[in-house]
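The values are calculated or read from the model by the stated rules, or taken from the named source; none is laboratory data. Because the structure is a prediction, the values reported are computed rather than measured. Cβ coordinates were reconstructed from backbone atoms using ideal geometry, including for glycine residues, and neighbour counts include every protein chain displayed. Ligands, DNA and RNA are stripped out before the accessible areas are found, and what is left, the full protein with its side chains, is counted by its heavy atoms. Shrake-Rupley method; radii C 1.70, N 1.55, O 1.52, S 1.80 Å.
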Amino acid sequence: MKIIRTVSFFILLFIVFGCTNTADKHRNVDLKCKLAEYSVFEHDMGYMIRITADDSCIYVSNAPDFKIFVYDLKGVLKKTIGNKGPAPWDFGSIWSFAKDADNKSYWVHDFSKQSIKRYSSKNDSMLLLRRLKTTNNIQYVKDSRFLVPRVINGSGDFVISVYNAENDVF
């Protein structure tokens, strides 16, 4: 039996009159916004691990295939990216996916291979590979920089560091 996941995307309509926020003494913020349905489609190719979108596409990483499925905004599958395998350019397990602002490349955090990889959007060839021991999911910020939760050796302190993958420095 196929497992069918129905995915519904929402866009927050942040219009000056549509959203208000209130902060209480505990610094909790409640946003009151109208939500509008943007697109509905079915992804029936395994379990969704991560999902992200840009102005033209919706990207879904899945298991057990560990591929990235690229849909248009109407939910039509345009292509798949990558394959699961042992080679450095293959995927092990995709924990996060992000595109650069110029749309010329994209980044993958491959948790099982403890690496961050940059690929060409044009032909999906690997452009950069950085081995990075991670224990949690990381978040792409921009310009080859990531937020990386980690424990500092020696002190045992938990910190969130900014990592520049291009220059391989924290």
- Sorted list, accessible surface of protein heavy atoms, 1.4 Å probe, largest first, for Val60, Val159, Val169 is Val169, Val159, Val60
- Item | Distance between modelled label sites at Ser155 and Val70, nm, 7 Å Cα→Cβ extension | 4.2 nm
- Query: Between Asn164 and Asn103, what is the spin-label point distance in nm, taking each point 7 Å from the Cα along the Cα→C-beta axis?
  - Reply: 2.8 nm
- In whole µm²/s, the translational diffusion coefficient that Stokes-Einstein assigns to the range 47-170, given a Kirkwood hydrodynamic radius over C-alpha pairs, 20 °C and 1.002 mPa s, equals 143 µm²/s
- Solvent-accessible surface ranking, highest first, for Asp54, Asp100 at 1.4 angstrom: Asp54, Asp100
- For the range 74-116, the accessible surface attributable to carbon and sulfur atoms (probe 1.4 angstrom, ligands and nucleic acids excluded) amounts in percent to 59 percent
- Item | Most to least accessible of Lys142, Lys74, Lys99 (protein chains only, probe 1.4 Å) | Lys74, Lys142, Lys99
- Query: Accessible area per residue, 1.4 Å probe, Å², for the range 33-164: what's the number?
  - Reply: 55 Å²
- Using a 1.4 Å probe on heavy atoms of the protein chains only, the accessible area for Lys104 in Å², nearest 10, reads 140 Å²
- Met48 versus Asn123: modelled label distance in nm, points set 7 Å from Cα along the beta carbon direction: 3.3 nm
- Query: How big is D for the range 108-166, in µm² s⁻¹ as a whole number, if Stokes-Einstein is applied with the Kirkwood radius of its Cα pairs at 4 °C and 1.567 mPa s?
  - Reply: 105 µm²/s
- Roughly how much of Ser61 is accessible, in Å² to the nearest 10, using a 1.4 Å probe? 0 Å²
